[in-house]
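> Below is the structure I would like to discuss, written out as structure tokens.
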Amino acid sequence: MTSTRPGPDWLADAVLYQIYPQSFADSDGDGIGDFAGIAEHLDHLAWLGVDTVWLNPCFASPFRDAGYDVTDYLAPAPRYGSGEDLAALVEAARRRGIRILLDLVAGHTSDRHPWFLASAEDPSDHRYIWSDRPVDGFVASPGSRPGWYRPNFFDFQPALNFGYARSSSEEPWRQAVDADGPRANRAALRAIMAHWLGLGVSGFRVDMAYSLVKDDPGKAETAKLWTELRDWLDRAHPEAVLLAEWGDPAAAVAAGFHADFFLHFGGEDDGLPLRSLWNNNGGTVEEFWHQEACYFEAEGRGTPQSFLDAWRSAAELTEGSGHVVLPTANHDFSRLATGPRTAEQLAPAFAFLLTWPTLPAVYYGDEIGMRYLPGLPDTEGSVLGPRFNRAGSRTPMQWTPGPTAGFSSAPPERLYLPVDPDPHRPDVLSQRADPTSLLHTVRRLIALRRAHPGLGSAGGVEVRHAGYPLVYTRAGRYLVAVNPRREPASVRLSGLTGLTGLSGASGRSGRPGGLRPLDVQGVRLVGGELRADGFSYGVFDLG
């Protein structure tokens, strides 16, 4: 029977940080980030307040899809270092109270993986999905084996065979989920996970977790597969976690995952809840997306309602059994600082992220306001469409001023991707020296979340005003107001749903009567009216 506990206690308080290894820090001057570079900057993460780091795939790969095309699940890619270097990183992080999660590419390999090379020569090998006739979307065999294989994303990423939920007389090559090939792949997944957990990692984020079993209505058989692995994980590694790339937290948690992300895709609304918060039609954009103005835009034309409705549904369906993760961005979609969104607009976004009852996930560099860089060349499969180039979200971390932003000692032309050429680009060193910077704001908000558990993932939330400003209370004790638009916004306390007993104006100390400010930028109480300057936020104790 599957455990319905939400997982280890540490997860409920986690602040996640995603690192794209190629772009975080280069220790050896080859222009590509590596394990030693990450280790050298762990103190930055500890100072910031991060306690859980997710690394994008760091396994051996030809890097035609930035590492999501694996050739050896048990060996790190040489560009990042050795297995010993990865173990040293995990241990150095542990000493600072930081857990490391690896990215598990479960549904496919590279077409250069030894498993696939063998399968392409042996018609009796069923580790992958093979057809004996042309099928739309399938790819012709590159070996002596006749037939066509099914890819999982790009053509060079053959889908591992986890079976089909439904058989078909017209496609006799479909195998059941308990056939030999699918069983071997399930066993391999467990072995891969056990290997890295044994070396000290704390779990995995699973790429395309929803994609394993094919023709699977409702993902029922895929859920059974992950439930089986979760049962094993609970028994053998009860402190480890599984995070899904599913984009539908209710479905992923029901399938056995500890948590899932709101993403730019997934769910009944195809990622609209997240996009309705952040996506301003800049950076990574699919041509078929249709949405109104996002809530976090300067003009104030948006509404948080799409997100609030989706979050409420997901929260109810995952309560007591898992978590919802809210990211600033990731390697596949635009950063917060994209297109028209300026640096001054970012503090309210972080105030919302770090006081809402989800697990926050900060994409590297967003804590200083790194921007999405448009117009980059296709790099390791970054371009997915005319307006969807992922490279813009993968540029080198900006540590210091200078030609390569402190990322590498290599000359600029040798870097994995170019550094933002803007002479006013943000960097960690400069923002550490400025107590009014975004970096310090993010650090304060993380510390505030930790100091007041009612602001964390477990505290209740009540939305009091779903407009500009967005006003909500947490755990019945804290009031949060966020105004992401350029123009000031205000609301009378008497008009806030379910909120009574607050009145009065600022006294000599500037403290609002009835509200004790915990972290405030541009929000105040005047004569019973909550007033928020443009691009402002306030977190108050109602105590």
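The values are calculated or read from the model by the stated rules, or taken from the named source; none is laboratory data. Note that the structure is predicted; figures quoted are calculated from it, not measured. Please note: Cβ atoms are built from the backbone with ideal geometry, for glycine as well, and neighbour counts cover all protein chains shown. Please note that ligands, DNA and RNA were not included when accessible areas were found on the heavy atoms of the full protein model with its side chains. Shrake-Rupley method; radii C 1.70, N 1.55, O 1.52, S 1.80 Å.
> Near the amide H of Ala77, under 5 Å away, which other amide H atoms are found, from residues 5 or more places off or on another chain, if H is placed in the peptide plane?
Phe59, Ala60
> Also: Taking a virtual spin label 7 Å from the Cα of Phe288 along the C-beta vector, which residues in the range 192-211 bring their backbone nitrogen under 20 Å of it?
Once the point is set 7 Å along Cα→Cβ of Phe288, 208-211 turn out to lie under 20 Å by backbone N, inside the range 192-211.
> Okay, moving on. Apply the Karplus curve 6.51 cos²θ - 1.76 cosθ + 1.60, θ = phi - 60°, to the phi angles in the range 233-238 and return the couplings in whole Hz, x for Gly and Pro.
Calculated HN-Hα couplings, in order: 4, 4, 6, 8, 9, x Hz.
> At 222 nm, what helix-only mean residue ellipticity would the chain give, in deg cm²/dmol to the nearest 500, using -39500 (n - 2.57) for each DSSP H run of four or more?
-6500 deg cm²/dmol, from helical runs alone.
> So if each residue of separation counts as 0.36 nm, and I subtract the Cα-Cα distance between Asp215 and Arg414, what length gain in nm does that give?
67.2 nm
> I need the phi-derived Karplus couplings for the range 261-275: 6.51 cos²θ - 1.76 cosθ + 1.60, θ = phi - 60°, integer Hz, Gly and Pro marked x.
Taking θ as phi minus 60°, the curve returns 9, 5, 10, 7, 9, x, x, 5, 9, 6, x, 4, x, 6, 4 Hz for the range 261-275.
> For an R0 of 51 angstrom, estimate the FRET efficiency from the Cβ-Cβ distance between Ala75 and Glu268 and round to the nearest 0.05.
0.80
> With label points built 7 Å along Cα→Cβ from the Cα atoms of Glu299 and Arg516, find their separation and express it in nm.
4.3
> Cα atoms only, the chain: Rg and Dmax in Å?
Here Rg and the maximum Cα pair distance are 23.9, 84 Å.
> Next question. Taking the 0 to 90 degree range and rounding to the nearest ten, how far is the long axis of helix 438-451 tilted relative to the main principal axis of the chain, both from C-alpha atoms?
The angle comes out at about 90 degrees.
> Another question, then. Once you place label points 7 Å from the Cα toward the Cβ at Ala87 and Glu462, how far apart are they in nm?
5.4
> Only residues of the range 437-456 count here: report those whose backbone N is under 13 Å from the spot 7 Å along Cα→Cβ of Asp13, or say none.
447-456
> Please list the non-local residues whose amide H lies under 5 Å from the amide H of Thr52, H modeled 1.01 Å from N, same-chain partners needing a gap of 5 or more.
Val15, Tyr17, Arg99
> Follow-up question, since we're still on this one. Using just the C-alpha positions of the range 271-405 as equal point scatterers, what log10 of I(q)/I(0) does the Debye formula give at each q in 0.20 1/Å?
Each listed q corresponds, in turn, to -1.26.
> Modelled label-to-label distance, Arg166 and Asp30, 7 Å Cα→beta-carbon offset: nm?
Taking the simple label geometry, Arg166 and Asp30 are separated by 4.8 nm.
> Skip the ligands, DNA and RNA, and give the accessible area per residue of the chain with a 1.4 Å probe, whole Å².
With all protein chains present, the chain gives 38 Å² per residue.
> Given the range 90-174, what whole percent of its Cα pairs are spread farther than 18 Å?
Considering the range 90-174, 48 percent of its Cα-Cα pairs are separated by more than 18 Å.
> Under 5 Å between amide H atoms, partner at least 5 residues away or on a different chain: which partners does Val461 have, H built in plane at 1.01 Å?
Ala475
> Between Leu542 and Ser144, what FRET efficiency follows from the Cβ-Cβ distance if R0 is 51 Å, with the result rounded to 0.05?
The formula returns an efficiency of 0.10 here.
> Please report, as a whole percent, how much of the solvent-accessible surface of the range 239-317 comes from carbon and sulfur atoms (probe radius 1.4 Å).
Roughly 47 percent, rounded to a whole number.
> Based on the Cβ-Cβ distance from Ala236 to Arg183, what FRET efficiency comes out when R0 is 25 Å, to the nearest 0.05?
The calculated FRET efficiency here is 0.85.
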